[in-house]
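Shown next, in C-alpha cells, is the structure this report addresses.
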Amino acid sequence: MKGPSLTLGVEEEYQIVDPETRELRSYITEILKEDSLVLQEVKPELHQSMVEIGSKVCDTAADVRAELVRLRGLVMRLAARNGLKIVAAGTHPFSSWTNQEITPLERYIGVQQDLAQLAQQLLIFGTHVHVGIEDRDFMIDAMNVSRYLLPHVLCLSTSSPFWEGRKTGLKSYRSIIFRNFPRTGVPPALTGYAEYQELIAALVRTGSIPNGSKIWWDVRPHHLYPTLEFRVCDVCTRVDEAVAIAAILQAIVAKLWKLRCDNMTFRIYPLTMIDENKWRAVRYGLDGNLIDFGKQREQPARALIREMIEWFIDDVLDDLGSRREVEYAFRILDEGTSADRQLATFERTGDLRDVVDQLIVETAEGVTIAPSSTTPIQPPTAPPAAGAGK
C-alpha cells in the first residue's frame, strides 16, 4: 500500500503598505507590470492592496522555509522599488475595506458581481497549506479526521485582532469576515471521494459554482492537484510561524496515514462540536479553553495544543525531519501569536501605526531582500493560489 507523498506547498497573502501613512496601498497591478517575470510566483488578489505568493512543491519543512524566505524577499524587493512595505497579518489594523480598489481582472470582477458587497469586504489575508495525498479516498478520510484539530492550529496562527481601527476582542477576526462567504467554514464529514465528486457535480449542474475552486472550506481537496488544502489559518507574520504551521499539518496527515496502515483511525466528531472549538479559537486564541471531546471537558488551549504535538504527532516528526520546525510551536505557546503581540503593542503605545511598524519588522525577520535579476523564473510546480477569486 503506497503512502501519500506528503509534499508541501504554501501560499501566503500579504498587505501592501505605505510606510509613511501605514495605510494599505493599491499597487499590485503596477508591481506586476514592472516585472512580468514574477507572474508565475507572485500573483494579484481580489484587492489591489493585496499580493499573493505560491511556493514550489516542497519535500520538507526546511524546503518550505527556504521558499518562503525567497518569496518574501522577492515581494519586498518589488514593493521597495516604489517605497512600499509588505505586511503579513490577517487584517490591517485600521485601513477600511470601503477604500480599497478591486483588481481589474475578469475573475475578480466576476467575484464582485457574484458576491456584491461581501467581495469588497473581503480584505483579509490567510495562509494556505497543501499536503500531497494521491489516494483520493484517504484524502477524504484525512479531511474528516483532521477537522478536529483545525481549531488547535488556528490558535497558533491568529494575527487579526483589529478591524477598521477597532480592537475587536477576537484573536482571528479574519475568520469572522470569511464566514460570510458561501461554502466556507469547517466542512461536513463525507463518506468518500465519490460523495465529494457528487456534491461538486450537483453544484456545477445547478449553476452554483463553475468548479471545485469555489468550495472555500477550512480544509478541502484541491480541485486540480492531488493535495489536501488547509485554509483555516490567518497569514503568519513571522516566517518561522508559517513553517511551524506547515510542518504540523504535514505531520497530522502523516500520523493519520500511519494509523490507517495499522487499521486504526480517530473518531469523527459532529460538525457542531468542532465549530464550538473553532469559535473559541477565533475569540480567545491561545488564552482560551478548547473542549477535549474524548474527555468531555474543556482544558486550556495551550495544554491541548501541546498534547497534539507531544502525544499525537511526535512519533512521525523524525521520519519527516521536521522536529525542529514543529517545536517552534512551543515558542508560540510561551510568547504568544502575532495577535497577542499586536495587542501588547497597542496596549503599550495606544497607536495602531506602531502596530503596523511592528508588523513590517516581524514580516521581514530572517528575510533578505532578493536582488534584481534578469534571469527568467521557472514556473512553480506548487498548486496555484486558491483564494476567493480562483
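The values are calculated or read from the model by the stated rules, or taken from the named source; none is laboratory data. Only a predicted model underlies this, so the values are computations on that prediction, with no experimental measurement involved. Neighbour counts are summed over all protein chains in view; Cβ atoms, including those assigned to glycine, are modelled from backbone coordinates with ideal geometry. Protein only, heavy atoms only, side chains kept; ligands, DNA and RNA dropped before computing areas. Shrake-Rupley method; radii C 1.70, N 1.55, O 1.52, S 1.80 Å.
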Exercise. Each residue of the stretch 259-269 in turn: what ³J(HN,Hα) in whole Hz from Karplus with 6.51, -1.76, 1.60 and θ = phi - 60°, glycine and Pro shown as x?
Worked result: 5, 4, 5, 9, 6, 10, 7, 9, 5, 9, 8
Exercise. In whole Hz, what ³J(HN,Hα) sequence does the stretch 319-329 give by Karplus (6.51, -1.76, 1.60; θ = phi - 60°), x for Gly and Pro?
Worked result: 5, 7, x, 10, 4, 4, 5, 5, 6, 4, 4
Exercise. Using a 1.4 Å probe on the protein chains only, how many percent of the accessible area of the chain belongs to carbon and sulfur?
Worked result: 50
Exercise. So what is the relative contact order of the chain, in percent, for Cα pairs below 8 Å that sit 6 or more residues apart?
Worked result: 26
Problem set entry | Cα-projected label distance for residue 287 with residue 194, points at 7 Å along beta-carbon direction, nm | 5.0
Exercise. Put 58, 261 in order of accessible area, largest first, 1.4 Å probe: what do you get?
Worked result: 261, 58
Seminar exercise, completed: Given a 1.4 Å probe, the accessible area of the stretch 225-310 per residue, as a whole number of Å², is 40
For this session: With everything on Cα atoms, drop me the angle between helix 271-284 and the longest principal axis of the chain, reported from 0 to 90° to the nearest 10.
Result: 40
Seminar exercise, completed: Those GluC sites (Glu not before Pro) from the stretch 133-236 that are DSSP loop and have at most 16 other Cβ neighbours within 10 Å turn out to be 134, 164
Problem set entry | Inter-probe distance in nm under a simple model that places probes 7 Å from Cα toward Cβ, at residue 351 and residue 66 | 4.2
Exercise. Taking Cα atoms, how many degrees apart are the long axis of helix 106-115 and the longest axis of the chain, rounded to 10 and kept between 0 and 90?
Worked result: 70
Problem set entry | 3J(HN,Hα) from dihedral phi, the stretch 242-249, Karplus parametrisation 6.51/-1.76/1.60, rounded to Hz, x for glycine, proline | 5, 5, 4, 4, 4, 5, 5, 5
For this session: Identify which of the listed values of mean projected area of the Cα convex hull in nm² was calculated from the structure shown: (1) 26.7; (2) 18.1; (3) 20.2.
Result: (2)
For this session: Under 1.5 on a/c is rounded, so check that first for the stretch 178-239, then, if it is not, pick prolate when a/b is larger than b/c and oblate when it is not; a ≥ b ≥ c are the square roots of the alpha carbon gyration tensor eigenvalues.
Result: prolate
Seminar exercise, completed: The answer for residue 25, listing residues at least 5 apart or on another chain whose modeled amide H is closer than 5 Å to its amide H, is 16, 17, 18
Seminar exercise, completed: Interchain or sequence-distant (5+) residues whose placed amide H lies within less than 5 Å of the amide H of residue 292 are 297, 298, 299
For this session: Classify the stretch 320-374 as rounded, prolate or oblate, taking a ≥ b ≥ c as the square roots of the eigenvalues of its Cα gyration tensor: rounded when a/c is under 1.5, otherwise prolate if a/b is larger than b/c and oblate if not.
Result: oblate
Exercise. Put +1 on the Cβ of each Lys and Arg and -1 on the Cβ of each Asp and Glu in the chain; which of 191, 57, 305 then has its Cα farthest toward the positive end of the dipole?
Worked result: 191
Seminar exercise, completed: Helix 338-349: inclination vs the chain longest Cα principal axis, degrees, rounded to 10, gives 40
Exercise. Among 163, 257, 311, whose mean-square fluctuation peaks in a Gaussian network model of the chain (Cα, cutoff 10 Å)?
Worked result: 311
